[in-house]
Amino acid sequence: MPITVNRVSVPVVVDDEKCIADKGCRVCIEVCPLDVLRINPASGKAHMRYDECWYCLPCEKDCPTGAVTVNIPYLLR
Ligand code: SF4
Ligand code: SF4
């Protein structure tokens, strides 16, 4: 899987302001069946480490603070 370079170009974006990973939250990382979300060592917040996604949405739905946005490609809607 390609490692993501530009976070705004990936399908799953985490709002650093809302993410409480610094308080120990790992919900999105744990629910992702593809294991593509990780903690960004630079920010201490969750981010999409690998640009691979099934658009199954538990990361967005289960995030306690609504920090995760999954941008579903137009052709899949
Ligand atoms: S579930 Fe939400 S608050 Fe928790 S680590 Fe993921 S993005 Fe951050
Ligand atoms: S939509 Fe599904 S596959 Fe994509 S990052 Fe979220 S949990 Fe993982």
### Query
Could you give the length gained on full extension between Glu52 and Glu30, defined as 0.36 nm per residue of separation minus the Cα-Cα distance, in nm?
6.4 nm
### Query
So what is the relative contact order for the chain, in percent, with contacts set as C-alpha pairs under 8 Å and at least six apart?
39
### Message
So if I place +1 on the C-beta of Lys and Arg and -1 on the C-beta of Asp and Glu, and nothing else carries charge, what would the dipole magnitude of the chain be about its Cα centre? I want it in debye, nearest 20.
### Response
20
### Query
Quick one: putting +1 on the C-beta of Lys and Arg, -1 on the C-beta of Asp and Glu, what dipole do you get for the stretch 26-69 around its Cα centre, in Debye to the nearest 20?
180
### Task
Obtain the nm distance between the two label points defined at Thr65 and Asp15 by a simple spin-label model: each point lies 7 Å from its Cα along the Cα-to-C-beta direction.
1.0
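Each value in this text was obtained by applying a stated rule to the coordinates, not by laboratory testing. The model shown is predicted, which means the values in this text are computed figures rather than measured ones. Cβ: placed from backbone, ideal geometry, glycine included. Neighbour counts: every protein chain shown.
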